[in-house]
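What follows is calculated from the coordinates using simple rules that are stated; it is not laboratory data. Note that the structure is predicted; figures quoted are calculated from it, not measured. Here Cβ is always computed from backbone atoms with ideal geometry, including for glycine, and neighbour counts include all displayed protein chains.
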Amino acid sequence: MSNRRPYVRSMDGWWKRDAYFVRYMAREVTALFVAAYAVVLLFGLVRLGQGEVAFNHWLQYLKTPWMLVFHLVVLAVFCYHTWSWFKIMPKTMPIMFVGGKRVQPGTITGAGLAASVVACLAVLFIVRGMS
Amino acid sequence: MAETEKIIEIQVLRYRSEQDKEPVLQSYKVPFTDDMSVLQGLQYIKDYLDGTLSFRWSCRMAICGSCGMMIDGKPKLSCKTFLREYYPQGLSVEALAHLPIERDLMVSVEDFVTKLESIKPYIIPKEPRTLEQGEYLQTPQQRDMYEQFSSCINCMLCYAACPQYGLNPKFTGPGILALLHRYNADSRDGGQAERNELGYADEGFWGCTAVGYCSEVCPKGVDPANAINQNKMNSAINYFTRFVTPGGAGK
Amino acid sequence: MKRSNEPIFWSLFGAGGMLAALIGPALVLITGIAVPFGLVFSPDTMSYAHMLAFSQHWAGKIFVLAVIALFMWHAAHRIHILLHDFGVHAVTAVRVLCYGGAFAGTVIAAYTLMTIKA
């Protein structure tokens, strides 16, 4: 027993060890882009509060090439967020039964993705209607 | 029909505390047939090539949970993994990740066992029950609520898969939290409040960040990720309503 | 064992994540691509007059605050975990930075909406 010297291995770079971990990190990193988009919106809101001239500056800023690239990237990331969100959602739900049969994870993911498509279309139509 | 003998190279992470400062890979060339498991490969090494190699095994049929190790970087049961899958490139075998190496392919299980004992892994009856009352009755649906979580063989592959456990060994971990849920979800049990003193703590369900790899590697389909994450909702509900529900505000 | 306070941040994370998952792509498409460049939507959609009117209405205020605040709280919780996953050990500093940032953003947004020209 006195010769025991358990060896603890380092966790450095653990997420690079397996493709599964890399995908997990990709999912978590989407948060940086959600934050960035929220900050852009917040800037717009603050400019709105500062009056028409200030807000128009923000609108002009949105039309620059960098902001277009930014939003295209953010759009792709948000789509990935939607997909990964509903992919993990079945893990957060208790075991459920419908008509005596167990609800499958794929059903929950599918329903979530469908809801997202409907919600996005609704937003697009409402904004179209408002403008 | 004579078979040409195939040889596969197995690289094993060796560690003997009396002579090694740190673990080191050692290569062995093992003759094998298509029906041989990685465990049988290790047994060949120990029997014919290097008697100093130490590893745990018992049933060799994926039910005792002894032979878990990292095979080519993935947590697997060595009795359930076949050498032919790694031919001709060869494979590496290491002790389960995120756990201290005692010797060669053996990890320290002390933390796991201590935590296992701490979650009260037995039915705590809702009220005292006499023999005359007979058996508990349970519908198939009531049993479905906990049955898969009762399949755990304590192999610890999920601990090797869980980076949150690797980063913070205070986290109770996937397998044991799944077992905690197994008892909480059993209609015969009334010990939820006691077990959730651990479950609702940072070291309990909240130590999990839904990586989900534990459920991927589990050889018995326990799905610890589901066991843990479905409890976050009821933990949150309990957190916000505890001051307005009778007996809700425990500690 | 001490009860965790994670439910507070996790609930905000969940609400923000669900909102982002449901309407995030549409919002980004509208505000960042379609309207500024006049694709399908007229650039006029987000004119000062339109946005001011939107923010003056109580429903508009709630919507704008919900999107900005919940997206920030969602991101704060995930980034806090991300830093932990990357091995950053300064736990308190990380929490203050992440949740403090989301809190600041919420306060700024709420204040702006409450005091916007009526």
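Convert each backbone phi in region C:72-78 into a coupling constant with the Karplus relation 6.51 cos²θ - 1.76 cosθ + 1.60 (shift: θ = phi - 60°), then list the ³J(HN,Hα) values in order as whole Hz, x for Gly and Pro.
These are the phi-based 3J(HN,Hα) values: 5, 5, 4, 5, 4, 5, 5 Hz.
Taking each residue in A:24-31, count the Cβ atoms of any other chain within 10 Å of its Cβ, then average. What number comes out?
Across the residues of A:24-31, the mean count of other-chain Cβ atoms within 10 Å is 6.
Please give me the summed charge of the neighbours of B:V107: other residues whose Cβ is under 13 Å from its Cβ, Lys and Arg +1, Asp and Glu -1.
Combined, the nearby Lys, Arg, Asp and Glu give -1.
At 10 °C and a viscosity of 1.306 mPa s, what translational diffusion coefficient does Stokes-Einstein give for region B:146-251, taking Rh as the Kirkwood radius over Cα pairs? Give it in µm²/s as a whole number.
114 µm²/s
Name the residue farthest towards the positive end of the dipole of region A:37-131 from the options A:A119, A:G106, A:L45, assuming +1 on Cβ of Lys and Arg, -1 on Cβ of Asp and Glu, about the Cα centre.
Of the listed residues, the answer is A:G106.
When a footprinting reagent is the concern and you count Cβ atoms within 10 Å, what order do B:L167, A:L45 take, fewest first?
Ordered from fewest to most neighbouring Cβ atoms within 10 Å, B:L167, A:L45 come out as B:L167, A:L45.
Starting at the first residue of region B:57-65, write each ³J(HN,Hα) from the Karplus equation 6.51 cos²θ - 1.76 cosθ + 1.60 with θ = phi - 60°, in whole Hz, x for Gly and Pro.
The phi angles translate into 6, 8, 6, 6, 9, 6, 10, 8, x Hz.
Can you compute the helix-only [θ] at 222 nm over chain C? Use -39500 (n - 2.57) per DSSP H run of at least 4 residues, normalise by all residues, nearest 500 deg cm²/dmol.
The helix-only estimate for chain C comes to -25000 deg cm²/dmol at 222 nm.
Treat the count of other C-beta atoms within 10 Å as a stand-in for reagent exposure and order A:D12, B:D47, B:D20 from fewest to most.
Final ranking by Cβ density, sparse to dense: A:D12, B:D47, B:D20.
With springs connecting C-alpha atoms under 10 Å apart, model chain B as a Gaussian network and identify which of B:Q138, B:Q230, B:Q11 has the largest mean-square fluctuation.
Sorting by GNM fluctuation, first place goes to B:Q138.
Just tell me, in residue order, which DSSP H segments of chain A are both 20 angstrom or longer along the helix axis (alpha-carbon based) and at least 1.0 in mean Kyte-Doolittle hydropathy.
Passing helices, by number: A:19-49, A:65-88, A:105-130.
Under a point-charge model restricted to the Cβ atoms of Lys and Arg (+1) and Asp and Glu (-1), what is the dipole moment magnitude of chain C relative to its Cα centre, in debye to the nearest 20?
320 debye
Given a cut-off of under 8 Å on Cα pairs at least six residues apart, what relative contact order in percent is computed for chain A?
Relative CO of chain A lands at 18 percent.
Divide by every residue of chain A the summed helix terms, -39500 (n - 2.57) for each DSSP H run of at least 4, and state the resulting mean residue ellipticity at 222 nm, rounded to the nearest 500 deg cm²/dmol.
Per the formula, -24500 deg cm²/dmol.
A 27 angstrom limit on the alpha carbon distance is what I want to check against. Which of A:K16/B:K76; B:K74/C:K2; A:K91/B:K120; A:K16/B:K120; B:K80/B:K120 exceed it?
Check vs 27 Å cut-off fails for B:K74/C:K2; A:K16/B:K120; B:K80/B:K120.
Determine the shielding of peptide A:107-117 by partner chains: average, over its residues, the number of Cβ atoms on other chains within 10 angstrom of each Cβ.
Partner-chain Cβ atoms within 10 Å, mean over residues of A:107-117: 2.
With a cut-off of 8 Å between alpha carbons and a minimum separation of six or more residues, what is the relative contact order of region B:1-55 in percent?
30 percent
For every helix of n ≥ 4 consecutive DSSP H residues, a contribution of -39,500 (n - 2.57) applies; sum these over chain B, divide by its total residues, and give [θ] at 222 nm rounded to the nearest 500 deg cm²/dmol.
Value at 222 nm, helices only, nearest 500: -8000 deg cm²/dmol.
How far is helix B:174-184 tilted, in degrees, relative to the longest principal axis of the Cα atoms in chain B, given as a value from 0 to 90 rounded to the nearest 10?
Its long axis makes an angle of about 30 degrees.
For region B:122-194, build the charge dipole from Cβ charges (+1 Lys, Arg; -1 Asp, Glu) around the Cα centre, then report which of B:G166, B:G191, B:L179 sits farthest towards its positive end.
Comparing the listed Cα positions along the dipole, B:G166 ranks first.
Cα gyration tensor of region C:13-71, axes a ≥ b ≥ c as square roots of the eigenvalues: rounded (a/c below 1.5), prolate (a/b > b/c) or oblate?
Oblate, because a/c is 1.5 or more while a/b does not exceed b/c.
In percent, how large is the relative contact order of chain B, given Cα pairs closer than 8 Å and 6 or more residues apart?
Here the relative contact order equals 16 percent.
Toward the positive end of the charge dipole of chain B, about the Cα centre and with charges on Cβ (Lys, Arg +1; Asp, Glu -1), which of B:I237, B:S27, B:C59 goes farthest?
Among B:I237, B:S27, B:C59, the one farthest towards the positive end of the dipole of chain B is B:I237.
Given +1 on the Cβ of Lys and Arg, -1 on the Cβ of Asp and Glu, and no further charges, what dipole in debye does region A:17-131 carry about its Cα centre, rounded to the nearest 20?
It works out to roughly 400 debye.
In debye to the nearest 20, how big a dipole does region B:189-251 give about its Cα centre with +1 on each Lys and Arg Cβ and -1 on each Asp and Glu Cβ?
Computed charge dipole of region B:189-251: roughly 160 debye.
So if I take the centroid of the Cα atoms in region A:67-131 and the same for region B:141-158, what is the distance between those two points in Å?
Distance between centres, Cα-based: 30 Å.
Which shape class, rounded, prolate or oblate, goes with chain A when its Cα gyration tensor gives a ≥ b ≥ c as root eigenvalues, a/c under 1.5 marks rounded, and past that a/b bigger than b/c marks prolate?
oblate
Evaluate peptide A:14-22: per residue, the Cβ atoms of other protein chains within 10 Å of its Cβ; return the mean as an integer.
4
For the protein assembly as shown, what percent of Cα pairs sit more than 40 Å apart?
Of all Cα-Cα pairs in the protein assembly as shown, 36 percent lie more than 40 Å apart.
If you average over every viewing direction, what projected area does the convex hull of the Cα atoms of chain B give, in nm²?
Averaged projected area of chain B's Cα convex hull equals 18.3 nm².
With the cut-off at 1.5 for a/c, could you classify region B:107-149 from its C-alpha gyration tensor as rounded, prolate or oblate?
oblate
Just A:G99, A:G112, A:G49 to compare: in a GNM of chain A, with alpha carbon springs under 10 Å, which one fluctuates most?
A:G99
What share of the DSSP beta bridges in the protein assembly as shown is antiparallel, in percent to the nearest 5?
90 percent
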